[in-house]
Each structure stands twice: as C-alpha cells, then as structure tokens.
C-alpha cells in the first residue's frame, strides 16, 4: 500500500459508535497516526460545529481538516478550501416545502427546531438558535434538514442549483447546493495540499460516502455499511461499534 498521507473518515456510524461515542482505543490510534505526521480529516453531513464544538473537545481529536454539511464546506486548520452555499432567497422558499424543518446551518448560526431540542450537542452552544423557522433565514445556507412530508414529492423542483441527500437510517432528508458533495470537497483538499487520491485512506458507511469511496484507491467501508458502499470500497473493516476504522488503521497504516 502506498504511503498514506491523509485519513478521511465519516463520523456517524463509521468512526462514531451508534451511541455517538468514540472508543478510547480509537482515540489512541488517531493520536498515533497524527504523531506519524499523517493528516486527519473528519467528513460529516452535520454542521461543522459538531466537530469543533463537540467531537474535538469531548474526545480530544482535533482534525487538520473538517468537511461538513455533506461537502458544503471544507476547512484546513481554519483556512477555507471549499464552500458551496444555498442562496438565502432560495433557501427560504425551500424551507417552506418541507413537511417539517429539523435544522438549518449557516456560517453564523445553527438553527434548530424546538421539536428536535433533544439534539444535546448543540443546546447551549453560542451559535445555536432554537426557532420555528417562521422568520426564515438571515444568511445563505450550508444545508437545510427536515422531513419532506407525505407524499415526499420533489421539494427541490424548480431549483436546479440544489440537490437532496438521503440516508439509509433516517426519515429526514438534507438539501444542499448541487456541488456540495464530500467528493468535491475532498478534491479541493487534494489540490490545496498536493495530495493524490492514492495517498488517502477513506472510510464511510452510507449513500453520501459512495462517491469518495469510489474515488480513493484505499477506500474502506465499515462492516455495518450499506451494501452499495461496500460494493465500491476496496476494503471492508470491522463494525463501527467495534473500533473497525481504528483497527484497520493500526493494521495497515501504523
């Protein structure tokens, strides 16, 4: 295996266990990876503050790169490498098409519906605003999240600049800019850091990971991944609840 310079991993149900924790063994492996000079990127469908305000302080892993909002934003040590936003006028019309809105992310705020106030990682954070969304957004959006309603229909009809992201284990969908994909964000990272695709180890589990798993030669699906992700991955590691990502890294990178 070619020398790995960057590890990029999805969070929910990949690096994170199903209960949203990280095992101490995994934390130790990532510390050793960093000690070897290998860069670490966390890539998530969630708001970027989930990493900076929750994951890193709680578990002590501060990634070099954060790819958030399904690829709407990529930052390396605070420097912006990629960004694709939904214009505010379009975002506010699209919000009205959801059966119910779960949350929305802008660069300045994480807006959370009171119906989902059990999202404990964000409650009390400076950027979190509890809202019913009746007043709409005040900024362009990284993403919009919610229940599409019944029947679902096409909530993005008439807005070719956006797309819908679905998940295998959730009843909600996410609307992002059409060019907001984890792969596009990763390609921007590759260009900025002069890293080739075969120098990356990529880990994922769901539909929104398929494009970058296909892109990276050293791609790994966790055992609990959907079949479509396993089909395009070069390897399959252990289950997310069994430190599968860390065990693969220890065996193949460390």
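The values are calculated or read from the model by the stated rules, or taken from the named source; none is laboratory data. Not measured: the values here are computed from a predicted model. Note: ideal-geometry Cβ built from the backbone for every residue, glycine included; neighbour counts use all protein chains shown.
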Checklist outcome for this item: Of the listed residues (52, 44), the one being assigned by TED's automatic domain parsing to the domain that holds residue 246, within 30 Å of residue 135 (Cβ to Cβ) and surrounded by 23 or more Cβ atoms within 10 Å (Cβ to Cβ) is 44
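Residue by residue, here is whether (1) buried (at least 19 other Cβ atoms within 10 Å of the Cβ); (2) assigned by TED's automatic domain parsing to the domain that holds residue 93; (3) under 28 Å from residue 28 (Cβ atoms) holds:
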residue: 158; (1), (2), (3): no, yes, no
residue: 191; (1), (2), (3): no, no, no
residue: 202; (1), (2), (3): yes, no, yes
residue: 206; (1), (2), (3): yes, no, yes
residue: 225; (1), (2), (3): yes, no, yes
residue: 228; (1), (2), (3): no, no, no
residue: 232; (1), (2), (3): no, no, no
residue: 238; (1), (2), (3): no, no, yes
residue: 242; (1), (2), (3): no, no, yes
Checklist entry - From the list 16, 6, 85, which residue is farther than 23 Å from residue 179 by Cβ and modelled with pLDDT of 95 or more? => result 16
Checklist entry - Scanning the range 64-84 for residues that are in a loop (DSSP other than H, G, I, E, B) and surrounded by 21 or more Cβ atoms within 10 Å (Cβ to Cβ), which turns out farthest from the chain's Cα centre (by Cα)? => result 84
Checklist entry - In the range 238-254, how many residues are in contact (Cβ under 8 Å) with a residue 40 or more places away in the chain and in a loop (DSSP other than H, G, I, E, B)? => result 3
